[in-house]
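Heads up: the structure comes next, in C-alpha cells.
Read the figures in this text as sums done on the coordinates, not as results from a lab. All figures in this text were calculated on a predicted structure; none of them were measured in a lab. FYI the Cβ positions are ideal-geometry reconstructions off the backbone, even for glycines, and counts take in every protein chain you see.
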Amino acid sequence: MVRLVAFLCVGLLTWLLPASAVVAEPEPPPLVTDLDYQLGGASRPPAQVGIVVRDRHASPAPGRYNICYVNAFQTQPAAAGFWRSHWRLVLKRDGVPVVDEAWGEWLLDLRTAAKRTDLARIVGRWIARCAEDGFDAVELDNLDSWSRSTGLLTRAQNKAYARLLVARAHRVGLAVAQKNWAEWDGSTAGFDFAIAEECGRWRECGRYVAHYGRRVLVVEYRLVDFRFTCTRWGSRLPVVLRDLALTPDGVHRWC
C-alpha cells in the first residue's frame with residue numbers, strides 16, 4: 001500500500017510539472033554512421049554523416065546527432081577578457097597564467113573543491129545552453145590538462161572536476177564524450193562515449209574500445225594514420241580525416 005501511494009504521488013508530480021521540466025534520458029551516438037568534426041566552422045555534412053561535432057556557439061546540424069564542443073578545462077584565446085574577470089579560477093605559477101603553448105590557452109585552476117565547484121557552475125551554464133540549442137551531447141575538451149600544468153594539477157583533481165561536469169550534462173539530458181586521455185576509463189565517471197583524436201597514430205584506439213565498445217568516434221589529421229585507422233578500425237568505428245584547422249572547406253575523408 002505504501003509503495004502504491006508513493007507511485008501515485010510521483011506520477012501526479014510528473015503530471016503537474018511543465019513539459020520543459022521533463023528531461024529526456026541522455027542518448028549516446030548512433031553506431032552505424034559516419035562522423036564530421038566541424039570545430040573550425042560549420043558546413044553541410046554529406047548524406048552518410050549522421051554525427052556532427054560543432055562549437056557551442058554554432059547551431060546544430062538539422063537531422064543529425066549533434067555534439068556540442070565545450071573547452072571545459074582550458075580557456076579559449078578569444079575569451080581572455082571573460083577569464084580576467086574570474087582571475088582566481090585561472091591556474092598560475094608565480095602570478096603568471098600557465099599556458100598550453102600549442103593553442104595559447106590558459107589552464108583552469110582545479111586544485112580546490114571550491115574552485116572546481118565555481119568552474120562547474122560557469123561551464124555548466126554553457127552545457128545547459130547546448131541542451132537549449134538542441135544538441136544531443138557535449139564534448140568536454142582538455143580533460144588531460146593536468147599533463148600540461150607543470151605539475152600543478154593532479155589526475156585526481158581533473159577527474160573530480162570531470163564528474164561535476166558529467167553530472168550537470170546528464171541533468172539537462174545530454175550524453176557526454178570523454179575527449180582523449182586513453183589511459184583513463186572515463187566511463188567510471190559517467191562518460192557515455194569517447195572522442196579520440198589520433199588514436200590510430202598513437203596506437204591507442206583499442207584502449208577506448210575497451211572502455212566504450214563501439215561508442216568511440218575517431219578523428220585523424222594525417223593521411224598515413226587515417227589509412228592505418230581505417231584498415232584496423234574502420235569496420236567498427238566512425239573515422240574521419242580532417243585538417244588541423246577544421247575549416248569548412250578543408251580536408252574531409254571517411255573510411
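Before moving on, here are some points about what is shown:
- Sorted ascending by nearby beta carbons within 10 Å, beginning with the fewest, LYS115, LYS92 become LYS92, LYS115.
- FRET efficiency, GLU101 to ARG253 (Cβ-Cβ, R0 22 Å, nearest 0.05): 0.15
- Annotation: the residues TRP184, TRP103, sorted from fewest to most other C-beta atoms within 10 Å of their own C-beta, follow the order TRP103, TRP184.
- Helical mean residue ellipticity (222 nm; -39500 (n - 2.57) per DSSP H run of 4+; nearest 500) of the chain: -9500 deg cm²/dmol
- Size of charge dipole - the chain - debye, nearest 20, with Cβ of Lys, Arg +1 and Asp, Glu -1, no other charges: 540 debye
- Amide N proximity, segment 147-167 versus ALA113 label position 7 Å along Cα-to-Cβ, cut-off under 16 Å: 156-165
- Treating each Cα of segment 15-147 as one equal point scatterer and applying the Debye formula with no solvent, the log10 of I(q)/I(0) at q = 0.09, 0.13 Å⁻¹ comes out as -0.33, -0.66.
- From most to least packed by mean Cβ count within 10 Å, the peptides 120-126, 156-162 give 156-162, 120-126.
- When each of the peptides 223-236, 195-208 is scored by how many other beta carbons lie within 10 Å of its residues on average, the order from highest to lowest is 195-208, 223-236.
- Given [x] 128; [y] 109; [z] 157, the label whose value is volume of the Cα convex hull per residue in Å³ derived from this model: [z]
- Two-decimal log10 I(q)/I(0) for segment 95-151, as the Debye equation yields it once each C-alpha is a single scatterer, q = 0.15, 0.27 Å⁻¹: -0.56, -1.16
- For segment 191-255 versus segment 116-150, the gap between their alpha-carbon centres in whole angstrom: 22 Å
- The chain - share of DSSP beta bridges that are antiparallel (%, nearest 5): 25 percent
- Ranked for footprinting exposure by Cβ neighbours inside 10 Å, fewest first, CYS255, CYS130 give CYS255, CYS130.
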